[in-house]
Amino acid sequence: MRHVGFALGLMIWAGLAAAFEIEEVTVFEGAAGGPALHVLSTTDTEAFAPLIAAFQAANPDVTVHYTVANSQEVYAAVYDEGAAFDLVVSSAMDLQMKLANDGFAVPHRSGETEALPAWARWADQLFAFAQEPVVLIANRDSFDGMPLPETRDDLIRLMREYPERFRGRIGTYDPNLSGAGYLFATQDARQSDTIWRLAEVMGGLEPALFGSSGAMIDGVRSGDLMVAYNVVGSYAAARLGEDGPGVVIEAQDFTHVLLRTALIPRTAEAPRQGAAFLDFLLSEDGQRLIEADTGLPRINEAALAASPHLRPIRLDLGLLVFVDPLMRQRFLAEWTAAVLQP
Amino acid sequence: MIGLLRPSDSIRRRLVLQLLAVAATLAVLMFVLVRTVADAAVEKAHDNLLGAATLAIAEELRGGSDGLSVDIPYAAFAMLGAAGQDRMFYRILIGEETVTGYADLPAPAAARGLGLTFHNADYLDLPVRMAVVNRSVQVDGRSQTVQVLVAQTLAAREALNDQMAYRAAGLALGFFALAALLSVLTARSVLQPLNNLAEAVGRRGPHDLRPVSRDVPSELAPLMGALNGFISRLRGSLSRTETLITEAAHHVRTPLASLRTQTEIALRQSDDDATRATLRGVIRAVDDSARSAGQLLDHATVVYRSDQQADDAVDLTELVRGVAQSHQALADMRDIEVQVAVPDAPVPLSFDRLLLESALRNLIDNAIKYSDPGGEVEVALTPEGVVTVLDRGRGLKGVDPATLTGRFLRGQNVDDVIGSGLGLTIVSEVAKAQGGSLQLVEREGGGVCATWVLHLG
């Protein structure tokens, strides 16, 4: 296999060519005059670079333009602006579903897509290529003498028993700010009423609210936070490290599993390139590489079967309920009322 | 199809073709029926799901002083994915104003009343099925009509309909194949009695005029009745003919005998040579007539009795010897020596004694009649049942022996010999009825060799 270098393109900050807010654009050069593949993604460039390199090793003439934006912007770019990308990758399952349902995706069928489990694809338009548990992380040292919680009920009991130790040291997403946080909170609400008790109890203990998981993980590692609720497991495990005080806890009552999904938008200029890269992501080689080099867990039905507490967020029309603006407004109002207590 | 059949086409072919036509019609009907029912069932099932989702949303509509409250149940949308992966659109309106959802989803004009209604519509260039529910909700102190629209694309329905169509087609084809097989079997079984009857009638011998007696389906009973009626009329007609001949012969023979006696008396009493010569001529003519009448009687008997087929235990040895001896007088009169060679042991046979005797008598009679005076007739019987009668008479003179066995046919060289032409006919018919064979061949050095091979059974 010949070595293919890639050139790190210019980092372009928001607003140069598009109205939506871009965090980063990286160009992986292929052979001159070859086809171009434009990927719009919520996943960090570092995580995807090994995948793109492997793809280019097999397709050396393809130049890959990798654009990173947050999930709301990715959605807006396709839904509102009709931006021309060949593959749209996002962790916001609800928004991806909205795009597919509203006709912004083109169907794609191949041996790779057919091999996906039924829960990991929708209508030949939306395909999951990684599954990530949504976890609770805790600072072991802060729990000095207390047992680590295994379920949401454990956490509620601990918070009620030792309110002073938890006060101001609980972190979670602010669903008003974070699309992922909103998705996790709505799925929690759908799964169980425990979430409202948890929100009430947390709300009474002056929780710290975050817009992204990075700061939450840092908080737990440093000990500023005792626990952070609803953090994407793969990031947390990587950043907490093996030996630090931070531990990752998969709640035994239920742990949501987030699916990272990709779709080929209707506006794609090179849909065949998008499909080729998608097939690569879903292929055995691609999946192995995802697990080994990106830190994202691959699609693995056996792992889910072995751990009954893992519940993949269902890739179905139900996701559209909380995309509805009225429902969003209603949910956020209730959540805010529960968590932000005067 | 029926028009394509000619009257001469076989019943079996007709039956199979018409049954196939019926089967094909039924198969097509079945396909249409299954499809209609299946399509209706598919539509109903999907509508039920769509309706349930729509009602679930409508149930959660709440009025209030601060406007309409909408709480779409998660399951309402999730259940729409249960039957397939169709796209879904929804819209909630108060009056003409969209509260939430897809604002350009067309609201049906006619949907009023509080019930659940379904419509077909187009949205985003796609055909969709739409469920509509109206609810009266108290909003801001006023009762307002809130309309919930939920629409779904048709991919799952169409996929299921296609699947049903394939199954219905398979079912119809299978039905047709089965029906085709059964129609062939049916044709065969229906025609079996007819074939059996035809075979039974065809297998009969030429003289078998017994009525056909076998169990036949009631539809064939008139045909068999007619056939038996025909046979019995034929038999009646034949037997009347034979009776007539018999009666005629009998009635002729008696006056002839009396005439002969009278003529002989007259001959004895007459002295005039011319008169005596005339009277001798009369006697010869009377003998001729009596002989013919006798043979006619014999023939009629043969024909009648060979239909009856009596089974007497007959010893051929004794029979041949007896018949030969009874001709001794006739032979002596013509100065002809009759040599008889029969086995010592009896040769048993089961047949009508009278017929055998009649045939044998005619055979030997012929041999004596056509021999020249001073000649010799050899009658022989083998233990295998072969009777041979040899003479040194005038022979066949090249005439085909087969023609001599016809009724009233005589050879071309017999004008000086009294005969009716029935003798060989009688022999040949008895031989046929008995199952044996008769052969006449010219002998070397003149004369005829008659070989009658009897069937000993």
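The values are calculated or read from the model by the stated rules, or taken from the named source; none is laboratory data. Please read all numbers here as calculations on a predicted model, not as lab measurements. Virtual Cβ from ideal backbone geometry, glycine too; neighbours counted across all protein chains shown.
Quick notes on this one:
- The range B:322-374, subset free of Cβ contacts under 8 Å to residues at least 40 places away in the same chain and of a type in the set (D, E), residue nearest to B:S292 (Cα to Cα): B:E357
- Residue ID - nearest to B:I57 (Cα to Cα), chosen from residues in the range B:151-163 that are among the charged types (D, E, K, R) and either touching a helix residue (DSSP H, G or I) at 6+ places or on another chain (Cβ under 7 Å) or within 14 Å of chain A (Cβ to nearest Cβ) (or both): B:R157
This table checks each residue for (1) assigned by TED's automatic domain parsing to the domain that holds B:L223; (2) of a type outside the set (A, V, I, L, M, F, W, C).
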| site | (1), (2) |
| --- | --- |
| B:A169 | no, no |
| B:F176 | no, no |
| B:A180 | no, no |
| B:L185 | no, no |
| B:L191 | no, no |
| B:N195 | no, yes |
| B:A200 | no, no |
| B:V212 | yes, no |
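- Considering A:L320, A:L340, A:L281, A:L289, the condition of being more than 10 Å from chain B (Cβ to nearest Cβ) and under 22 Å from A:Y173 (Cα atoms) is satisfied by A:L340 alone.
- Tally of residues being surrounded by 17 or more Cβ atoms within 10 Å (Cβ to Cβ) and within 11 Å of another protein chain (Cβ to nearest Cβ) across the range A:120-153: 5
- Residues (within 13 Å of chain B (Cβ to nearest Cβ) and either free of Cβ contacts under 8 Å to residues at least 40 places away in the same chain or of a type outside the set (G, A, S) (or both)) located in the range A:94-105: A:D94, A:M97, A:K98, A:L99, A:N101, A:D102, A:F104
- Cβ-Cβ distances below 7 Å connect the following pairs, each with a first residue in the range A:317-333 that is within 14 Å of A:D188 (Cα to Cα), a second residue that is of a type in the set (K, R) and in a helix (DSSP H, G or I), and a separation of six or more residues or different chains: A:F322/A:R328.
- Here B:S143 meets the list (1) crowded, with 19+ Cβ neighbours inside 10 Å; (2) out of contact with any Leu (no Cβ under 6 Å at 6 or more places or on another chain) almost entirely, failing just condition (1).
- Only one of the numbered conditions (1) part of a strand (DSSP E or B); (2) touching a His at 6+ places or on another chain (Cβ under 9 Å) is violated by A:L259, and that is (2).
- Looking only at residues of the range A:172-201 that are assigned to a helix (DSSP H, G or I) and without any contact (Cβ under 8 Å) to a residue 60 or more places away in the chain, we find that the one that is surrounded by the most Cβ atoms within 10 Å (Cβ to Cβ) is A:G181.
- Test: A:Y229 is assigned to a strand (DSSP E or B), on the phi < 0 side of the Ramachandran plot and either under 19 Å from the mean Cα position of the chain (by Cα) or outside the structural domain of A:A100 (by TED's automatic domain parsing) (or both): yes
- Taken over the range A:33-48, the criterion of being touching a strand residue (DSSP E or B) at 6+ places or on another chain (Cβ under 8 Å) and either assigned to a loop (DSSP other than H, G, I, E, B) or buried (at least 16 other Cβ atoms within 10 Å of the Cβ) (or both) is satisfied by A:G34, A:P35, A:L37, A:H38, A:V39, A:L40, A:S41, A:T42, A:T43, A:D44, A:T45, A:F48.
Here is a yes/no grid of residues against (1) over 40 Å from the mean Cα position of the chain (by Cα); (2) at pLDDT 85 or above; (3) part of a loop (DSSP other than H, G, I, E, B):
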| residue | (1), (2), (3) |
| --- | --- |
| B:L354 | no, no, no |
| B:L363 | yes, yes, no |
| B:V377 | yes, yes, no |
| B:G393 | yes, no, yes |
| B:V399 | yes, no, yes |
| B:G419 | yes, no, yes |
| B:T425 | no, no, no |
| B:G445 | yes, no, yes |
| B:L456 | no, no, yes |
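- Checked against (1) surrounded by fewer than 11 Cβ atoms within 10 Å (Cβ to Cβ); (2) at pLDDT 85 or above, B:G205 meets all criteria but (2).
- Hits in the range A:60-89 (condition: polar (S, T, N, Q) and farther than 17 Å from A:T26 by Cβ): A:S71, A:Q72
- Residue in the range B:135-150 that is within 14 Å of chain A (Cβ to nearest Cβ), closer than 22 Å to B:L80 by Cβ and touching a helix residue (DSSP H, G or I) at 6+ places or on another chain (Cβ under 7 Å) present: yes
- Residues in the range A:330-342 that are over 22 Å from the mean Cα position of the chain (by Cα) and either modelled with pLDDT of 90 or more or not polar (S, T, N, Q) (or both): A:R330, A:A333, A:E334, A:T336, A:A337, A:A338, A:V339, A:L340, A:P342.
- Considered as a group, the residues in the range A:228-258 that are among the charged types (D, E, K, R) and out of contact with any Ser or Thr (no Cβ under 8 Å at 6 or more places or on another chain) include one that is nearest to A:V135 (Cα to Cα), and that residue is A:R239.
- Meets criteria (surrounded by 14 or more Cβ atoms within 10 Å (Cβ to Cβ) and either away from chain A (no Cβ under 13 Å) or farther than 22 Å from A:F322 by Cβ (or both)) for B:T98: no
- Near pairs, Cβ below 9 angstrom, 6+ apart or cross-chain, from the range B:63-76 (at the interface with another protein chain (Cβ under 8 Å from one of its Cβ atoms)) to any residue that is part of a loop (DSSP other than H, G, I, E, B) and among the acidic types (D, E): B:S69/B:E60; B:V70/A:D324; B:V70/B:E60; B:D71/B:E60; B:I72/A:D324; B:I72/B:E60; B:P73/B:E60; B:A76/B:E60
- Some residue of the range A:323-330 being among the β-branched types (V, I, T) and either over 30 Å from B:D66 (Cα atoms) or within 14 Å of another protein chain (Cβ to nearest Cβ) (or both): yes
- In this entry, B:L114 passes the filter for residues that are touching a strand residue (DSSP E or B) at 6+ places or on another chain (Cβ under 9 Å), more than 8 Å from every other protein chain (Cβ to nearest Cβ) and modelled with pLDDT under 90.
- Per this entry, A:P297 is counted among residues that are surrounded by fewer than 20 Cβ atoms within 10 Å (Cβ to Cβ) and either within 14 Å of chain B (Cβ to nearest Cβ) or under 27 Å from A:E46 (Cβ atoms) (or both).
- Residues in the range B:316-342 that are among the polar types (S, T, N, Q) and not in a helix (DSSP H, G or I): B:Q339 alone.
- A single entry from B:L296, B:L267, B:L319, B:L279 fulfils the requirement of being surrounded by 13 or more Cβ atoms within 10 Å (Cβ to Cβ), assigned by TED's automatic domain parsing to the domain that holds B:L381 and either of a type in the set (A, V, I, L, M, F, W, C) or touching a residue at least 40 places away in the same chain (Cβ under 8 Å) (or both): B:L319.
- Residue in the range A:104-115 that is touching a His at 6+ places or on another chain (Cβ under 9 Å), of a type outside the set (S, T, N, Q) and either assigned by TED's automatic domain parsing to the domain that holds A:Y182 or under 25 Å from A:G179 (Cβ atoms) (or both) present: no
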